[in-house]
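The values are calculated or read from the model by the stated rules, or taken from the named source; none is laboratory data. This is a predicted model, so every value here is computed, not measured. In this analysis, Cβ positions are derived from the backbone assuming ideal geometry, glycine residues included, and neighbour counts consider all displayed protein chains.
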Amino acid sequence: MKKSMLLALAAIVLVVGTVDAAPDSSLWLHVRVDEDEGTKVKINLPINMVPKMISIGPVSDHFENGKIRLDDKEISVAELREIWLDIKDSPDMTFVTVEDVDETVKVWKEAGDFRVEVRGSDDETVDVRVHVSVVDALLSGQEDELDISAAVAALAEVGAGELVTVSQPDQTVRVWIDSSAEAE
């Protein structure tokens, strides 16, 4: 159960960290984790509640008031912003493809979305789809901060859709936004 909760929380942080939209009370953020051993985690939050949940209190020394502060990092937020400007202004294209014996990783931009796909030889798959406007909002923070609240607002603007799916032989994780209050 602890592993499932950690995966669910990680998925929320990942999504919240990549979202860019104005809050829309008719949309819901869903996270679902299903493990073969029978453990299930379902999280259903109105999209306009996500920034409030984030601002409740510090989660760590790096995450407070809807912002993530990157200290002791290998790449600065300023460097991320520079790289992002080049990616954002580029035409739709594949930026990275890594083919290995055990997995294939592809990173590309297509139709306004930034995408990451991982395919492992052991039936592990990861798919991430983030609208360009969400990344813009995330990187709109001050100095070395990522603006999670702005990203959530942008996500709401983008609207319903699949954000993250992870499939492993023993569990699945799905993060998506739609207009239904209950996860399926």
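Answer yes or no: is there a residue in segment 136-149 that is crowded, with 17+ Cβ neighbours inside 10 Å, closer than 30 Å to T39 by Cα and modelled with pLDDT of 90 or more. No, every residue in segment 136-149 fails to be crowded, with 17+ Cβ neighbours inside 10 Å, closer than 30 Å to T39 by Cα and modelled with pLDDT of 90 or more.
In segment 150-171, which residues are surrounded by fewer than 23 Cβ atoms within 10 Å (Cβ to Cβ) and closer than 30 Å to S121 by Cα? G161, E162, V164, T165, V166, S167, Q168, P169, D170, Q171, listed by residue number.
Residue check: G141 meets all listed conditions (1) more than 24 Å from I177 (Cα to Cα); (2) touching a residue at least 24 places away in the same chain (Cβ under 8 Å); (3) among the small types (G, A, S) but one, namely (1).
Output yes when any residue across segment 70-92 is hydroxyl-bearing (S, T, Y), closer than 26 Å to D113 by Cβ and at pLDDT 85 or above, and no when none is. Yes. Taking segment 27-49 on its own, how many of its residues are of a type in the set (S, T, N, Q) and under 20 Å from the mean Cα position of the chain (by Cα)? Residues flagged as of a type in the set (S, T, N, Q) and under 20 Å from the mean Cα position of the chain (by Cα) within segment 27-49 amount to 2. Looking across segment 94-135, the residues that are in contact (Cβ under 8 Å) with a residue 40 or more places away in the chain and either assigned to a strand (DSSP E or B) or farther than 18 Å from I75 by Cβ (or both) come down to D122, D123, E124, T125, V126, V128, V130, H131, V132, S133, V134. Among the residues of segment 154-172, those identified as more than 23 Å from S140 (Cα to Cα) and part of a loop (DSSP other than H, G, I, E, B) are P169, D170.
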